[in-house]
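Coordinate-derived values only; no laboratory data. Every value quoted in this text rests on a predicted model; they were computed, and no experiment measured them.
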Amino acid sequence: MRYTFMVLVTIAVVGALGIPLGDPRFLYTAITLECAYIALAVLALLIGDGVYIGSRVGTMVKNRKRRIMIVTVPSIAIASMVIVANTLSTTHLSIMMSLTPLYNALILIVGGYILQILLIISSIYEYSRVRLADLNAR
């Protein structure tokens with residue numbers, strides 16, 4: 001889960017830089033979204049380091065796929081929603097197309113598209129890696 005963890009931390013840092021630049025009406029939504037990324041990063045760190053809360057040794061391999069899904073499924077869902085929301089927002093599109101406040105445009109492009117796509121890719125990679133390991137164990 002280290003790739004997913006690194007992408008989640010990077011998204012949280014870029015989002016923290018971008019929150020003060022955004023519309024004050026969406027401040028609470030942006031903070032909630034950043035808290036979700038931080039929570040997913042903590043879960044990815046715990047799962048990746050092998051911290052298994054409340055599980056027995058015999059069921060660790062079997063339940064690893066479920067624990068990975070706790071991080072990957074919400075990561076893919078949130079990243080997809082952010083990409084769609086940024087694409088549907090005319091304000092975001094005009095900022096990104098005109099690069100008028102350059103800093104805002106860079107934050108939107110990097111945080112809203114590039115890092116979200118990386119999050120989807122890393123989540124799918126982690127899930128497929130665990131799925132292949134599970135299939136090889138059988």
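With Cα atoms as the point set, the chain shows a radius of gyration and Dmax of 17.0, 57 Å. For residue 22, the amide hydrogen comes within under 5 Å of no other amide hydrogen, counting only partners 5 or more places away or on other chains and with H modelled in the peptide plane. Note on the chain: with a GNM built from Cα contacts shorter than 10 Å, the maximum mean-square fluctuation among 118, 88, 108 falls on 88. When shorter helices are ignored and each DSSP H run of at least 4 residues is given -39500 (n - 2.57), the per-residue value for the chain at 222 nm works out to -26500 deg cm²/dmol. The length gained on full extension between residue 97 and residue 70, counted as 0.36 nm times the residue separation minus their Cα-Cα distance, comes to 6.2 nm. Working from Cα pairs under 8 Å separated by at least six residues, relative contact order for the chain is 35 percent. Where q = 0.13, 0.23, 0.33 Å⁻¹, what log10 of I(q)/I(0) comes from the Debye formula for region 1-47, counting one point per Cα? Log10 of I(q)/I(0), two decimals: -0.30, -0.73, -1.13. Round to the nearest 10 and give me the degree value, 0 to 90, for the angle of helix 60-88's Cα axis relative to the longest principal axis of the chain. Roughly 10 degrees between the two axes.
Rounded to the nearest whole Hz, the Karplus-based 3J(HN,Hα) values (6.51 cos²θ - 1.76 cosθ + 1.60, θ = phi - 60°) of region 13-19 follow the sequence 5, 5, x, 5, 6, x, 4, with x at glycine and proline.
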